[in-house]
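Just so you know, all these numbers are worked out from the coordinates, no wet-lab data involved. From a predicted model like this one, the values you see are computed outputs, not experimental measurements. We place every Cβ from the backbone using ideal geometry, glycine too, and count neighbours over all the protein chains shown.
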Amino acid sequence: MSSLKLKNYFVAGTVALAAFSCSGNVHYDPDKDHHLKNGFKTKTDTSFTDWLFMRFKEGDYPSIDPEQVQTIIAEADIKTINSPANVPRATWVGHATVLVQYKGINYLTDPHLTEYPGPLKMFAPERITSPALSFEELPKVDFVLISHNHYDHLDLPTVEMLGNSVVWYVPLGLKSWFLDQDIAAEKIVELDWWETDIFSENVSITFTPNVHWSKRTLWDQNQSLWGSWSVQIGDFNSWFAGDTGYDEQLFKEIGKKLGPIDLAMIPIGTYGPRYFMLPMHVDPDQAVLIHKDIRSKKSIPVHWGTFQLSYEPFLEPPQLLAQVLKQKGIIEDQFSPVKIGETLEITDLSQ
Ligand code: ZN
Ligand code: ZN
């Protein structure tokens, strides 16, 4: 039996068992539209069986040319990264992990610094490119933003590395998971959509909505929330999209309330096949719509080139992104790919 079939049968069996379990939402607030008595409301109604059907229909993932992989990797500038950032600075570590630095504050988005996204290596997708920074190479991190609990965004070994040395900003319903990993309660800030926490005098952090879902085990589907994050450090306004499908009204609301954004981190990959991924992952065309809706001045494309999770060819996301920007007459520099390990500096913050 092929490893793909074995993987599918294993997951199908365990998911069938999970169908018998259900739990209540201790955070339930009847006044909030996205709250349900037994979890949080998602627009994604595809089931595991749908995923299985899609995998059998589509077959093996497209093969990846190692030469293409080399074209998206750069050596990280460890010296610069470990020096003070007088202008905002962002380094793509890989997948949805970005190190953002400004005025003595360093934060990470969805850090994944290990080999594979999943509970077991044999059932996890392949990591195509290594993380650009190891834990030892990171500067002192002040806080971490977690968008949701999928394994490619919430990596237990990485959480254990960072431990209680950082403050963890997590979606509503995810604090208990962090407590179970021995993270101290005072190091976890759990927020609902549109709630804000003041990290320090100069730094405020707001959890904002997006279009996704959550699941980590057989019994916790949509039991914790998912979302995007807005971080204001002095005069620098940044935003991390997390994993998301597209919703014009929602992103325009974020742009209206929190824009303009100086730096956004927006996913461009994991969109194929479209008939399956549409409700949960934007394609490059929709990523550009988000860039405009939130009034971003500069965006970094993330969530591509790292884990094989979908069917689009390896280099298609940045290629399509470039085409879309050209079609829409947007200056390419506003949303151009950085390499894994590359550091982007925003030298024109006042514009
Ligand atoms: Zn996800
Ligand atoms: Zn993801």
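The table below lists the values:
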read-out	value
Per-residue Cβ neighbour rank within 10 angstrom, fewest leading, Ile188, Ile64, Ile331, Ile233	Ile331, Ile64, Ile188, Ile233
14 Å beta-carbon shell around Met265, net charge (K/R +1, D/E -1)	-1
Extension gain, Asp50 back to Leu278 (0.36 nm per residue minus Cα-Cα distance, nm)	80.7 nm
Global geometry of the chain, whether rounded, prolate or oblate, following the gyration tensor of its Cα atoms and the 1.5 cut on a/c	rounded
Inter-probe distance in nm under a simple model that places probes 7 Å from Cα toward Cβ, at Gln70 and Lys292	3.8 nm
The chain: most fluctuating residue of Phe143, Phe56, Phe307 per GNM, C-alpha cutoff 10 Å	Phe56
DSSP bridge orientation in the chain - percent antiparallel, rounded to nearest 5	60 percent
Length gained when the stretch Ile331-Asp180 is fully extended (0.36 nm per residue, less Cα-Cα span)	49.7 nm
Cα-based shape type of the range 196-351, given that a ≥ b ≥ c are square roots of the gyration tensor eigenvalues and the cut on a/c is 1.5	oblate
Sequence-distant aspartates and glutamates (8 or more away, or on other chains) whose Cα lies within less than 20 Å of Lys252	Asp33, Asp192, Glu195, Asp243, Asp262, Asp283, Asp285, Asp293
Gain on full stretching of the segment that runs from Asn164 to Asn82 - 0.36 nm per residue minus C-alpha separation	27.5 nm
Net +/- balance of residues flanking Gly242 in space, Cβ distance below 12 Å, scoring K and R +1, D and E -1	-3
Residue (of Phe236, Leu278, Val87) at the positive-pole extreme of the chain, dipole from beta-carbon charges	Leu278
Sequence-distant lysines (8 or more away, or on other chains) whose Cα lies within less than 18 Å of Lys140	Lys79, Lys103, Lys187
Selected from Gly173, Gly104, Gly305 as most flexible by GNM, with the chain as the system and alpha-carbon contacts under 10 Å	Gly104
Convex hull projection area averaged over all views, the range 159-270, Cα basis, nm²	8.0 nm²
